[in-house]
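Please read the structure below before turning to the comments.
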């Protein structure tokens, strides 16, 4: 996701301090469709063979990590969500439950603020604001030691993005073949899906996550 972090330039600017985290679902297992603030409910969690035993015992991943001055700082997810709405990431009996409310207005970022990053890309409407939930940092435990993320494989991943209005982000020429956008966000939460082929990353969007993506617990998301 490094390409989209660079182009969106919203990860470093959201909430002034900026942050990123992962969220996605397992189609056909209760977590593929966004329903209000419920992103995933009852989805089976995947524990790879090398997952530490202590990581498997963790139940609360409702924290995010932000690097400040080269130091990782852990923040509760609730810091960024309206207080009267749910904001939690819990695992019970290896089943995942994620609830995200509406981001606080002060944490929404105008996509078009840095137009120099969008040569060859159109944003309609240009004043749309978003709240990025990216897979670079991920959901973490309170101590920051263990991460929850979602991938289909090492080349395909999914993130969440909240839009304050319907907005499209489209690549309009082929001068830059390393990052391609074909994104149509609805108002509210959307999946942002990255597919990598060689050095090219293509970003699309959906209200329903494609099949094959698995919630995974580990010490660190493989990049």
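Projecting label points 7 angstrom from Cα along Cα→Cβ for residue 143 and residue 73 puts them 2.2 nm apart. Classified by the C-alpha gyration tensor, segment 36-85 has an oblate form. Its axis ratio a/c, with a ≥ b ≥ c, is 1.5 or above, and a/b does not exceed b/c.
The separation of segment 59-77 from segment 139-157, counted between C-alpha centres, amounts to 13 Å.
Here the label points at residue 208 and residue 84, each 7 Å from Cα along the C-beta direction, are separated by 3.3 nm in the simple model.
Computed from the coordinates by the stated procedures, all read-outs in this text should not be read as laboratory data. This one's a predicted model, so the numbers in the text were calculated from it and none came from an experiment. Quick reminder, even Gly has a Cβ in these numbers, built from the backbone with ideal geometry, and neighbours come from all protein chains shown.
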